[in-house]
Amino acid sequence: MKTYSEKTAAAVMNSLLRAARKTPREGLHNAWTDEQGRTCALDGFRAYCLNTAPAGMLETWTCKPDPAAAAARRADNNKILAHVFAALEAGNVAEMPAPDADAVKTFLDAEKKEPAHQWLYDLGPEFPLVNVKYLHDIIRLFPVAKWYVDADPYARMVRPIYIVADEGRACLLPCRNDKKPCKAPETPAAAPVKKPIPAPAAAPEKPADETPWKYFIYSRPAGEKRFLLTNLNEGTVGMKKIYAPRYMERDLEKVKSMLDRVSDENPGAVFQLRRLDGKTVVYSVATYTPETFAALIAA
């Protein structure tokens, strides 16, 4: 059985910190020490708290903040962690089976070979979908641990998964998916009996749409205030409509899936699929910044 390794812990913490540094919140670009003396890091999708700081962690301050600013950053970060781990502290959780490390590694290796990889790993019928790369990192960080989910079988599909080990604890935010509803289905109310209404006269048929092209992709990168036309194939943001790629109605679901994958790799960004008028939004997907991450947990 694998055991906790300080070298592996440093590598996993560094992986999270590299992701955190892609967000505009500078207070999360380095690990910090919480009120219990644990070494903590957060990127909006994951949070780690280690009882002892592993040697070899990234530290790239160009200029360290003054003591008062550093204390304010730690206090702000600790408030986020308090929201993140609130359900665990309150005991509003249920234990789940720990994911099989070999199965997760096999799935991740196979996914890397897929040209249209999803990175989504299903923890089971009663549990949510998660990013398999983040899941694999946590298993490496805490090979021996207990895993918990929200006690509500629906809310757990969008609320954090908690991992508790002798060496510390972690949490992982699930990936939203329509196949994993986060609310119990409502019982439909009986429809009132109505008198039949005469059918209106048939409207004249509209001419068929002459163009098969229906949609543009817009994005608002982290820190940007407005949405811009986007070419995901070239990684280009901001262009005139004449140069922006268009998408057909038949490709709608494929484009939605593509936006879901891209959003997971761009924390803080918002992606939208709009009609050719540039105003009508058909689909929108956003990643979680640390602020929205904390707000979601508190909701």
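Odds and ends about this structure:
- Selection within the stretch 232-280 - of a type in the set (A, V, I, L, M, F, W, C), closer than 22 Å to Ala222 by Cα and under 22 Å from the mean Cα position of the chain (by Cα): Leu232, Val237, Val255, Met258, Leu259, Val262, Ala269, Val270, Phe271, Leu273
- Residue in the stretch 109-121 that is outside any strand (DSSP E or B), of a type outside the set (Phe, Trp, Tyr) and crowded, with 17+ Cβ neighbours inside 10 Å present: no
- Among residues of the stretch 233-250, those that are crowded, with 16+ Cβ neighbours inside 10 Å and hydrophobic (A, V, I, L, M, F, W, C), counted: 2
- Close pairs from the stretch 62-74: first modelled with pLDDT of 85 or more, partner among the small types (Gly, Ala, Ser) and not in a loop (DSSP other than H, G, I, E, B), Cβ under 7 Å, at least 6 apart: Arg73/Gly27
- Number of residues in the stretch 228-285 that are without any contact (Cβ under 8 Å) to a residue 12 or more places away in the chain, at negative phi and assigned to a loop (DSSP other than H, G, I, E, B): the value is 7.
- Top-ranked residue of the stretch 85-108 - restricted to ones that are more than 21 Å from the chain's Cα centre (by Cα) and in a loop (DSSP other than H, G, I, E, B), ranked as nearest to Ala9 (Cα to Cα): Asp100
- Test: residue in the stretch 122-139 that is among the aliphatic types (A, V, I, L, M), surrounded by fewer than 18 Cβ atoms within 10 Å (Cβ to Cβ), touching a residue at least 12 places away in the same chain (Cβ under 8 Å) and in a loop (DSSP other than H, G, I, E, B): no
- Subset of the stretch 152-164 that is aliphatic (A, V, I, L, M) and assigned to a helix (DSSP H, G or I) - its residue that is surrounded by the most Cβ atoms within 10 Å (Cβ to Cβ): Met157
- Residue check for Val149: part of a strand (DSSP E or B) and on the phi < 0 side of the Ramachandran plot: yes
- Residues being closer than 12 Å to Glu35 by Cα and either of a type in the set (Phe, Trp, Tyr) or not in a helix (DSSP H, G or I) (or both) - total across the stretch 66-80: 0
- Some residue of the stretch 76-88 being loosely packed, with under 14 Cβ neighbours inside 10 Å, of a type in the set (A, V, I, L, M, F, W, C) and assigned by TED's automatic domain parsing to the domain that holds Ile138: no
- Filter pass, Ser5 being surrounded by 15 or more Cβ atoms within 10 Å (Cβ to Cβ), closer than 27 Å to Asn177 by Cα, modelled with pLDDT of 90 or more and of a type in the set (Gly, Ala, Ser): no
- Residue tally, condition modelled with pLDDT of 95 or more and among the aromatic types (Phe, Trp, Tyr), over the stretch 98-123: 2
The values are calculated or read from the model by the stated rules, or taken from the named source; none is laboratory data. All values derive from a computational prediction rather than experimental measurement. Cβ: placed from backbone, ideal geometry, glycine included. Neighbour counts: every protein chain shown.
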